[in-house]
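Read the structure below first, then the notes.
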Amino acid sequence: MIASLLTDPAFANALMSSPTFVKTLAADAALFGAGLCASLGLYQFVRFFRPAIRSQKSIHRDECGSALAADLVLVMVPAITIMLILVQSLWLMRETVIVHYAAFTAARSARVNICPSMPESLQAFTLQSMGKLGCRGDGGRAEQAARLALISASPPWEVPCLGNCRIPEKTLRAIADETGTGDLYPALEVQARYAFDPQNVALSVGPDPKYLALALKPGLTPPIRARLTFRHYVIYGLGRAFGQKRSDGYYYKETVAEVTLL
């Protein structure tokens, strides 16, 4: 999926111009690198100190597996911790791309659905005021487009909703049927509830302030900027170190994605 997203020229250009993508991805990659270095360090530690452990007389004379048990006790906790860090960092790097794609889809939807600030004529202003031009003054459709894209970044297990997690069931069933994954709909529904939880997504979309002068030209839609904040679920055991605590005890880490669609 990630490869197909990156091969989209429009999305690739939006990523390269995003002020948040490289910074966020670098932070996640640094976490992965730290975990990888820690795993190599643990391997060297075990390799160096294992003969010394085995040479202890009280263990050396024991032929009932005590030496193996001592090795396991020494490395089990740090090994599991390092493994969780590696999994979490890889998950975050993958989701960083998806969150930026969700911001891109929000900007693309807003570009089509948000009305120009200055209608090109009195007639256009009248039709726009009556809602007959097909555009809207809010970003409701853009937010739904972003949340649908964020389903792929949501955890596939049940996480309690903190708000009113109403999901577009007809749209989800259409997606499942179109992609041939109808038998997996229950899992898709679980992920959708997380993506459509109001507490997990914050989106602001509108004309980019850097091009505000263009918004004053009649009939012209300036470049649209979407800024999306998504709460990633943090794996159990790493929450205290890498996340913030929710009111129900679960932990999350926020990723901010900003994309401007020219």
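Quick look at the values:
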{"quantity": "Distance (nanometres) between label positions extended 7 Å along Cα→Cβ at L162 and T81", "calculated": "2.7 nm"}
{"quantity": "Lys, Arg +1 and Asp, Glu -1 on Cβ, resulting dipole of segment 138-254 about Cα centre, debye, nearest 20", "calculated": "540 debye"}
{"quantity": "Hz values of 3J(HN,Hα) by residue in segment 163-168 - Karplus curve (6.51, -1.76, 1.60), Gly and Pro given as x", "calculated": "x, 8, 8, 7, 10, x"}
{"quantity": "Rough spin-label spacing in nm, given labels placed 7 Å along Cα→Cβ, for A202 and D183", "calculated": "4.2 nm"}
{"quantity": "Amide proton proximity set for I235, modelled H, under 5 Å, gap of 5+", "calculated": "none"}
{"quantity": "Extended-chain gain in nm, criterion 0.36 nm per residue less alpha-carbon gap, V46 and A10", "calculated": "8.1 nm"}
{"quantity": "Peptide ranges 142-152, 198-208, 90-100 listed from the most packed, as the mean C-beta count within 10 angstrom indicates", "calculated": "142-152, 90-100, 198-208"}
{"quantity": "Per DSSP, loop trypsin sites (Lys or Arg not before Pro) in segment 163-262 with at most 16 further Cβ within 10 Å", "calculated": "R166"}
{"quantity": "FRET E, pair I2, Y211, Förster distance 35 Å, beta-carbon r, rounded to 0.05", "calculated": "0.70"}
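The numbers here are math on the coordinates, done by the rules we state, and not lab data. This one's a predicted model, so the numbers in the text were calculated from it and none came from an experiment. For neighbour counting, all protein chains shown are included, and Cβ atoms are generated from backbone atoms with ideal geometry for every residue, glycine included.
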